[in-house]
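The values are calculated or read from the model by the stated rules, or taken from the named source; none is laboratory data. Just so you know, these numbers come straight off a predicted model, no measurement behind them. Positions of Cβ are generated from backbone atoms using ideal geometry, with glycine treated the same way; all protein chains shown enter the neighbour counts. What goes into the accessible areas is simple: the full protein's heavy atoms, side chains included, and nothing from ligands, DNA or RNA. Shrake-Rupley method; radii C 1.70, N 1.55, O 1.52, S 1.80 Å.
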Amino acid sequence: MRIWAFACLLLCLPVHAQAGSAYRVKHPTVACGDDLAIKALNDRTNPHLTDPQWRQAMMVQGQCYTVAPDMRWEKIANRNGLPLLRRNPAVPGMPPLYFMASDISDISAPPPAAPGKAADGPTPLPTPAMPAEGTDPQATDNAASPQAAPVIIAHTDPPAPTDLFFMTGGFQKLGSMLLSALLALGAGWILWVVYRMIMAFVGRRAALRQATALVERNAGLLIQRRLHAHEGQAAHGKTPAQQWQGEVGRFCRTTLLPALAHDGREQYWPAIERKVQARIEAVSTRARPRPDLRLVTSSTAPYHADMTSAQYVSYCMGLLEKADWDTRLSGNAGQAATVIVATKDGLSMVVQCWTERRPVEEETVRQCIAARAGLSARIAVVVSNAPYTQQAIQLGKSSRVFVLHHEELQKFASQVEAPQVA
């Protein structure tokens, strides 16, 4: 930048009195646009002077040219003892160059007079020689009128840099590459963060919808558990509110979390837990639906949460009989899980009742499958007043075992027909 600024300044300077002088070099030499470069190339004490690579790099950096003796120059300035010359006539694209003072000579000055001759006398004009006979006049005229030699500028090709960091351009390219790499990494990181945020949002929404659907599906059970917790007496020193919180936690552990884990969404549970519990509170405080009087008559004993196993089995048998099924017991009615055998129009069905308050495990479904095989029944049903674990629901779907709440039993039995289950 220093070289170009100085060159532009020199071009704007007026031509002084020395502009009329004409100069040429005494022998082929090197001239540079930078005064420091010409000094370095002519410094005999420089240890790098014999290094070709250093010399080529310095010539490129200093804008150096090879100058022939047939070129004419005119002086426009002096700086630090170095004459600054420009081409005469000017050549577009060639800036003014610095020369060593010992390498140039003034060709416009008259030659010194010879001793013994008058310097003020007129100089006699030479007599032109007459062409000899038989010679070509045109050739004689061409020989007598010599033309000016053509001006040739001998440029040196810029050498290829041997070191990437030697020139300023190398550092600029390296900086651009590093900046581009940093921008690419930053953009990739931002895209990854945005992608993770979108996927987390979608996963939370899906997990919340799944948990809400499970809560709505078990709305009757949650209403019953809340009434039982608030109407029953305190157990083990717990208040009704504490008993209800225990029921909510058990429902989440045995029903919601296994369902979310089955679909790979259990990691979103901490984010949706408060919303799901609020949904459970809203569902459990609904008014309990009234039983359909067309399905359950007054002869059937009403259901209550403190039923024994025998009372619950009798209650389920009454529901089946109201749906026109003939029922009988297959096992001991005092057991926790009792099998009812129901028949209708040549169609047999086994109904396994589960009366414990803990969730129905998949082992109970396996027992119902075994009872169906042992009694040669075509329909297998597990009925309970407790929720079902996700494993029990999946096993029931894969084994064609219907898992029902007792409030759904009579409606299900009324709609079953032989062609539907064949």
Item to check | Subset of segment 278-294 (residues that are modelled with pLDDT of 50 or more and more than 48 Å from the chain's Cα centre (by Cα)) | outcome: Ala287, Arg288, Pro289
Checklist outcome for this item: Apart from one, (1) touching a helix residue (DSSP H, G or I) at 6+ places or on another chain (Cβ under 6 Å); (2) surrounded by fewer than 15 Cβ atoms within 10 Å (Cβ to Cβ); (3) modelled with pLDDT of 85 or more all hold for Gln53; the odd one out is (1)
Checklist entry - So which residues in segment 397-411 are touching a residue at least 12 places away in the same chain (Cβ under 8 Å) and either within 44 Å of the chain's Cα centre (by Cα) or assigned to a loop (DSSP other than H, G, I, E, B) (or both)? => result Arg400, Val401
Item to check | Of all residues in segment 296-320 being at pLDDT below 75 and crowded, with 16+ Cβ neighbours inside 10 Å, the one that is farthest from the chain's Cα centre (by Cα) | outcome: Thr300
Checklist entry - When you scan segment 35-93 for strands (runs of 3 or more DSSP E) that lie fully inside it, which ones turn up with 1 or more residues that are closer than 29 Å to Ser108 by Cβ and in contact with a His (Cβ under 8 Å, 6 or more places away or on another chain)? => result 64-67, 73-79
Item to check | Residue list for segment 348-383, restricted to those being open to solvent by less than 10 Å² (accessible area, probe 1.4 Å) and assigned to a strand (DSSP E or B) | outcome: Met349, Val350, Val351, Gln352, Cys353, Val360, Ile379, Ala380, Val381, Val382, Val383
Checklist entry - Counting only residues that are open to solvent by 30 Å² or more (accessible area, probe 1.4 Å) and in contact with a strand residue (DSSP E or B) (Cβ under 7 Å, 6 or more places away or on another chain), how many does segment 79-93 have? => result 2
